[in-house]
Amino acid sequence: MPTSQATALREPPRTVPPWLALAAGVLPLIGFVVFLLVPYYVNDLDRLPLSEVASGLHDPKDLWPRNEPGLARFFDLGGMLTVMFGAVIAALGVFASLHGLVAEWRTSGAARKTLWIVGATSAAAMLGLGLSPVGGALYAWWLD
């Protein structure tokens, strides 16, 4: 079989849609910022050593927003989902974005490439935050 026919019969690579890869990168990062970082700064925990934040001396149930009746359930659920699934979803977002970008580099337009690049970058930022000393202390603080 000539090479031109073999190329024509080959299936295009299967990739995740770029909007899904973008969501897998951006949503965990937004969750980390809203449910962990904002309460950390609002409650002035950033002025304390990270070891004290992670030690459990400042119970998050006694601090804003979890001591507010209207916000407590929302922040409990959002924080729980972020802590449990954020890093896994972000890791999948990095792999899906990079796979889509590499597999369809020649055939996709600038908009699709941009979505994959933003998805990979935001997912990598989420993983970097989660693996940092601040991220580790915030996870320990939230799980207290």
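The values are calculated or read from the model by the stated rules, or taken from the named source; none is laboratory data. Please read all numbers here as calculations on a predicted model, not as lab measurements. With ideal geometry, Cβ positions are generated from the backbone for all residues, glycine too; neighbour counts draw on all protein chains shown. Heads up: the accessible areas ignore ligands, DNA and RNA and are worked out on the full protein's heavy atoms, side chains in. Shrake-Rupley method; radii C 1.70, N 1.55, O 1.52, S 1.80 Å.
Remarks
- For segment 104-123, residues that are in contact with a Gly (Cβ under 8 Å, 6 or more places away or on another chain) and of a type in the set (A, V, I, L, M) total 3.
- Yes/no for Glu52 being assigned to a helix (DSSP H, G or I), over 22 Å from the mean Cα position of the chain (by Cα) and of a type outside the set (S, T, N, Q): yes
- Where a residue in segment 89-112 is over 13 Å from Val16 (Cβ atoms) and its partner, wherever it lies, is open to solvent by 40 Å² or more (accessible area, probe 1.4 Å) and not hydroxyl-bearing (Ser, Thr, Tyr), with Cβ under 7 Å and at least six apart: Ala90/Leu127; Ala91/Leu127
- Residue selected from segment 77-104 under the condition open to solvent by 60 Å² or more (accessible area, probe 1.4 Å) and more than 12 Å from the chain's Cα centre (by Cα), by the criterion farthest from Pro28 (Cα to Cα): Val102
- Test: Leu115 is in contact with a Leu (Cβ under 8 Å, 6 or more places away or on another chain), touching a residue at least 60 places away in the same chain (Cβ under 8 Å), in a helix (DSSP H, G or I) and under 17 Å from Asp144 (Cα atoms): no
- Selection of segment 59-74 for residues being within 28 Å of Ala124 (Cα to Cα) and open to solvent by 20 Å² or more (accessible area, probe 1.4 Å) yields only Phe74.
- For Asp144: the one exception among (1) within 20 Å of Tyr40 (Cβ to Cβ); (2) of a type outside the set (A, V, I, L, M); (3) open to solvent by less than 50 Å² (accessible area, probe 1.4 Å): (3)
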